[in-house]
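Take a look at the structure set out below.
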Ligand SMILES: [Cu+2]
């Protein structure tokens, strides 16, 4: 009797251990989706950051804060912002608003961020941003393992993009949309349908 109940207990334990191991494997796999391109990520650079932080209203009126993270997932070999590449998601900013951008790259591969006109996405590299000050420093050189901020006033409605300024990356899809809208009342960030 005693023997059997010990045996049963051990089996139950083994089952629990198995289930835990399986969950861990699943979690690792799910992270792998982030992963592959995410090898060597400095996770502390994005610690505590969630998708809700991609867009937040600023402290002052008509001010918005964007967190734009390169290599958020493995999408497009890591050449994505906030998990989207090739314009698959877009910010909408009401015309005249001030945009405070934080660019983060947790990966060892250099990337950068610059606001360009959509037509400039076909260029190998873009020297100047579409709005004054709308790029990280040294956007052509890129920044690995780091963070940079810039602020600009979205003072002209039109179709723009938040693109990686590292030569050829935008051509390879490292960009998301940025529409400056004369009619939108609130800023937004969403996948493009
Ligand atoms: Cu890039």
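For the range 128-152, give me each residue that is surrounded by fewer than 22 Cβ atoms within 10 Å (Cβ to Cβ), in a loop (DSSP other than H, G, I, E, B) and within 15 Å of the ligand (Cβ to nearest atom).
Residues satisfying the conditions are 138, 140, 141, 142, 144, 145.
Check the range 113-127 and report whether any residue there is surrounded by fewer than 23 Cβ atoms within 10 Å (Cβ to Cβ) and on the phi > 0 side of the Ramachandran plot. Break it down into steps so the answer makes sense when it comes.
The initial filter retains those residues of the range 113-127 that are surrounded by fewer than 23 Cβ atoms within 10 Å (Cβ to Cβ), namely 117-127.
Filter once more, so that each one left must be on the phi > 0 side of the Ramachandran plot: none.
Checking the range 113-127: not a single residue is surrounded by fewer than 23 Cβ atoms within 10 Å (Cβ to Cβ) and on the phi > 0 side of the Ramachandran plot.
Residues 104, 93: which one is more than 15 Å from the ligand (Cβ to nearest atom), in a strand (DSSP E or B) and either farther than 21 Å from residue 191 by Cβ or in contact with a strand residue (DSSP E or B) (Cβ under 8 Å, 6 or more places away or on another chain) (or both)?
Details: 104 fails: more than 15 Å from the ligand (Cβ to nearest atom).
Residue meeting the stated conditions: 93.
Output yes when any residue across the range 154-164 is touching a helix residue (DSSP H, G or I) at 6+ places or on another chain (Cβ under 6 Å), within 16 Å of the ligand (Cβ to nearest atom), modelled with pLDDT of 95 or more and in a loop (DSSP other than H, G, I, E, B), and no when none is.
No, that holds for no residue.
Out of the range 73-90, which residues are more than 12 Å from the ligand (Cβ to nearest atom) and within 9 Å of the chain's Cα centre (by Cα)?
Taking the range 73-90 as the starting set, the residues that turn out to be more than 12 Å from the ligand (Cβ to nearest atom) are 73-75, 82-84, 86-90.
Within the range 73-90, 73, 82, 83, 84 qualify.
The values are calculated or read from the model by the stated rules, or taken from the named source; none is laboratory data. Quick caveat: nothing in here was measured; it's all calculated off a predicted structure. Using ideal geometry, Cβ is built from the backbone for each residue, glycine included, and neighbour counts are taken over all protein chains shown.
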